[in-house]
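> Structure provided below as structure tokens; questions to follow.
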Amino acid sequence: MSTNVILLGPPGAGKGTQAKTLAERTSLSHVASGDLFRAALREGTELGMLAKSYMDRGELVPNEVVINMILERIQAPDCAAGVIFDGFPRTREQAVALANSMARHDNKIDAVLYLSVPNEVLLRRIAGRQTCKTCGATYNIYYFPSHRPGICDACGGKLYQRSDDSMETAQHRLDVYFAQTMPLIEYYQLQGILHEVDGQREITWVTEAMLKALGRYLTTSAHPKE
Ligand code: AMP
């Protein structure tokens, strides 16, 4: 039996940062739909090209496309101990498809960690975000700038802004989140598996709060690595 966790929250709430750390500290695999699309785009696949046309506008990629991609991804051997879903599901249809697929494999979603951040903070968090081309480290020009502008503190690599992180697209992504993804908070609350975590606290505080919330769901094989 595996442990499966969803990180839910608006763009800019810190899902990617937290999911990465949680995966390092447990034996769960980090599965991020946005990262999978960006990887497909880098590889120049048809899926990547299709996703790009939606991502650039801040729109959601059609349900069927995302669902197929994720359900295939979680069959991989590295997902056997469980998965931390980041950025998926984003609609009710995706949530239902995931639940049905899990049930077919005698599995289920154990917990949903909802990272809450006030709306007014989100825009700056998204539009200020910068990522290192070389090592993937993330910065924010408002909250956590690199020491030298545009240069990664960790490796000296060049920092870039995701093309869908411009102010205008960021606003649209937030609108899409409110309309299509926010209803999932209630959906999982009604199932009694939603845990809210204050996403405005320090990164390390948030990680510890999440690990604490997950404690009782982590099977022996998925306990935090020391
Ligand atoms: P993210 O990296 O999670 O912010 O996702 C970046 C973009 O990828 C989103 O704005 C969507 O265009 C697309 N995307 C990622 N995950 C999903 C999903 N579950 N459903 C639909 N589109 C998605």
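> Counting other Cβ atoms within 10 Å, keep those with at most 12, restrict to DSSP loop, and tell me which GluC sites (Glu not before Pro) in segment 30-102 are left.
Numbers: sites: E43, E46, E59, E64, E72, E93; in loops: E43, E59.
Loop-located and lightly packed - E43.
> Roll a 1.4 Å probe over the protein chains and send me the accessible area per residue for the chain in Å².
On the way: 11680 Å² over 226 residues.
Accessible area per residue, the chain: 52 Å².
> When the accessible area of the chain is computed with all protein chains present and a 1.4 Å probe, what percentage of it is carbon and sulfur? Before the final figure, lay out the partial values.
Details: 6120 of 11680 Å².
Here carbon and sulfur together make up 52 percent of the probe-accessible area.
> State the three equivalent ellipsoid semi-axes of segment 137-221, derived from the C-alpha gyration tensor as the square roots of 5 times its eigenvalues, in descending order and whole Å. Provide the component values of the computation, followed by the final result.
Numbers: eigenvalues 187, 97, 23 Å².
Output for segment 137-221: semi-axes of 31, 22, 11 Å.
> While we're on this one: Of T181, T207, T45, which is the most mobile in a GNM of the chain whose springs link Cα atoms less than 10 angstrom apart?
T45
> How large, in Å, is the chain by the Kirkwood hydrodynamic radius built from its alpha-carbon pairs?
Working: mean 1/r = 0.0554 Å⁻¹.
For the chain, the Kirkwood estimate is 18.0 Å.
> Mind checking Rg over Rh on segment 1-80, alpha carbons, Kirkwood formula for Rh? Walk me through the numbers before you get to the answer.
Values: Rg = 13.4 Å, Rh = 13.8 Å.
Rounded to two decimals, Rg over Rh is 0.97.
> If you don't mind, another one. In debye, nearest 20: dipole of the chain around its Cα centre with unit charges on the Cβ of K, R (+) and D, E (-)? Numbers along the way, then the final one.
Numbers: 24 positive and 25 negative charges, 84 e Å.
Dipole about the Cα centre, nearest 20: 400 debye.
> Return the ratio Rg/(2.2 N^0.38 Å) for segment 1-135, where Rg is computed over Cα atoms only.
Numbers: Rg = 14.9 Å, N = 135, 2.2 N^0.38 = 14.2 Å.
Segment 1-135 yields a ratio of 1.05.
> I've got another one for you. Return the calculated 222 nm mean residue ellipticity for the chain, to the nearest 500 deg cm²/dmol, obtained by summing -39500 (n - 2.57) across DSSP H runs with n ≥ 4 and dividing by the residue count. Walk me through the numbers on the way to the answer.
Numbers: 9 runs with 94 residues, N = 226.
My calculation for the chain gives -12500 deg cm²/dmol from helical runs alone.
> In addition: Remind me, relative contact order of the chain in percent, using alpha carbon pairs under 8 angstrom and six or more residues apart? List each step's numbers first, then the result.
Values: 345 pairs, mean separation 70.7, N = 226.
For the chain, the relative contact order is 31 percent.
The values are calculated or read from the model by the stated rules, or taken from the named source; none is laboratory data. Source: prediction; values computed, not measured. Cβ atoms come from the backbone with ideal geometry, glycine included; neighbour counts cover every protein chain shown. SASA here: full protein model, heavy atoms, side chains in, ligands and nucleic acids out. Shrake-Rupley method; radii C 1.70, N 1.55, O 1.52, S 1.80 Å.
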